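Please treat every number below as a calculation from the coordinates, not as lab data. Keep in mind it's a predicted model, so treat the numbers as computed, not measured. Quick reminder, even Gly has a Cβ in these numbers, built from the backbone with ideal geometry, and neighbours come from all protein chains shown.
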């Protein structure tokens, strides 16, 4: 059995500095001395499931090949969270990144295309082959 907090410093012949670990030990043993896990989404406006539901409305249009307008998504997000103030655009981009959305753009040329072919085509059509 643990000795009380007042008895412990005297029983071991130590000074008063033993009191803090003794108090922690009396409140929870060694578990009280271990660091507590911290993290998580402490400042979230919506849960992950709610965010997926919001993006599902825009996923149909994006799947059909339409461009996603960030301002439309930003307005829908503001209405969903119920804030009257404007949301930062970086918040919307973080939302998209969190759910695996990314910017898709066509490549200007095929990566295995021969450089001589590209240079010949550029000379034929009259523009500079140097990028």
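Miscellaneous remarks
- Computed E for residue 49/residue 104 - FRET, C-beta separation, R0 22 angstrom, nearest 0.05: 0.30
- A simple spin-label model places the labels of residue 67 and residue 88 2.6 nm from each other, with each point 7 Å out along Cα-to-Cβ.
- Between residue 116 and residue 76, the modelled label-to-label distance comes to 5.1 nm, taking each label 7 Å out from Cα in the direction of the beta carbon.
- Neighbour counts of other Cβ atoms within 10 Å put 99, 110 in the fewest-to-most order 110, 99.
- Theoretical gain in end-to-end length, residue 56 to residue 36 [0.36 nm per residue, Cα-Cα removed]: 3.6 nm
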